[in-house]
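Trainee: Just passing along the structure, written as structure tokens.
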Amino acid sequence: MSAVSFADAFARAEGVQGWMSEAQARRLWDAALRVPPGGLLVEIGSFHGRSAIVMASALAEGARFVAIDPHGGGDRGPQEIQAEAERGDEDHIAFNRNIRAAGVESRIEHVRLMSSEAYDTVEGTIDVLYVDGAHRFGPAREDIVEWGNRVREGGTMLVHDSFSSVGVTLATLASLTFGSRWHYVGRTSSLAEYRREPVARVPNALRQLAQLPWFARNVLVKIGIVTGFKPLARLMGHRGDDWPY
């Protein structure tokens, strides 16, 4: 049982830059609570530590948290794909500053590598995997498949920007939707949750395919934001200039 409440943990994380709503934070918190002492939680894509603060606060004593992020200044947000060393170093400083201020620095092992390079440096079977790394199809699919293979039976995988990012959604469709190993539990906005357990393919696939209209809505919102045609985004029920997540 965590020594702090969800409300306290989210209050510590709320001011940290990132793309995670309070409702999504609650789903991450609940997943982290299921990691047993001696278990392992792996996060791919930590940015400034918003989600890491919440999940690390929920962990049982003796559980491990490994946060993987190269802090290379790329793949850090909408339309910020290219690496930029100076920006990445600033992100790295912000991440360490934020987890220290939240009091969870000692609970987090940070691996400053690309997820594809970090695979052999992280030992153990994973209880909870949170995927929020590069959002292009290839890297996203690799994270879901390669790291997902290390999640234990009955374990959890959460994927951010599912049914929102084109690359992540295609990676999810290609890797998870039509298989029989990952049970689609549901989503909180773009945060999808899967459990590694045998599942009936057709009903499981249909539940995921039913999210595609919401995905189409998000794509139209993004087109409206990028082109400056705000009436399109408003027509889709979106207010403001923030990327839908």
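Taken together, the values in this text are just the output of simple stated rules run on the coordinates, not laboratory data. In this text, all values refer to a predicted model and were calculated from it rather than measured experimentally. Reconstructed Cβ throughout: ideal geometry from the backbone, glycine too, with neighbour counts over all protein chains shown.
Trainee: Just to be sure I understand: if I project the alpha-carbon convex hull of the range 92-169 onto a plane and average over all orientations, what area do I get in nm²?
Mentor: Its average projected convex-hull area is 6.1 nm².
Trainee: Ok, one more. Which of Thr125, Thr188 comes first, and how do the rest follow, when ranked by fewest Cβ neighbours within 10 Å?
Mentor: So the residues, fewest neighbours to most, are Thr125, Thr188.
Trainee: Just name one of Tyr130, Asn204, Ala118: the one whose Cα is farthest towards the positive end of the charge dipole of the chain (beta-carbon charges, Lys/Arg +1, Asp/Glu -1).
Mentor: It is Asn204, whose Cα lies furthest towards the positive end.
Trainee: Expressed in nm², what is the orientationally averaged projection area of the convex hull enclosing the Cα positions of the chain?
Mentor: That works out to 12.5 nm².
Trainee: Moving to a separate point now. In whole Hz, with x marking every Gly and Pro, tabulate ³J(HN,Hα) for the range 144-153 from phi via Karplus 6.51 cos²θ - 1.76 cosθ + 1.60, θ = phi - 60°.
Mentor: Values per residue, Gly and Pro as x: 5, 7, 5, 6, x, 5, 8, 6, 5, 4 Hz.
Trainee: Report the calculated FRET efficiency for Ala23 and Asp242 (r = Cβ-Cβ distance, R0 = 22 Å), to the nearest 0.05.
Mentor: 0.90
Trainee: Follow-up. Using 0.36 nm per residue, how much length does the chain from Tyr119 to Leu206 gain when fully extended, once their Cα-Cα distance is taken away?
Mentor: Gain on extension, Tyr119 to Leu206, equals 28.1 nm.
Trainee: Give me the orientation-averaged projected area of the Cα convex hull of the range 18-76, in nm², one decimal.
Mentor: 3.8 nm²
Trainee: Could you work out which residue, out of Gly228, Gly18, Gly179, moves most in a Gaussian network model of the chain, that is, has the largest mean-square fluctuation with Cα springs under 10 Å?
Mentor: Gly228
Trainee: Also, I was wondering about something else. Does the range 127-221 classify as rounded, prolate or oblate by the C-alpha gyration tensor (a ≥ b ≥ c root eigenvalues; a/c under 1.5 gives rounded; else a/b over b/c gives prolate, otherwise oblate)?
Mentor: Oblate, because a/c is 1.5 or more while a/b does not exceed b/c.
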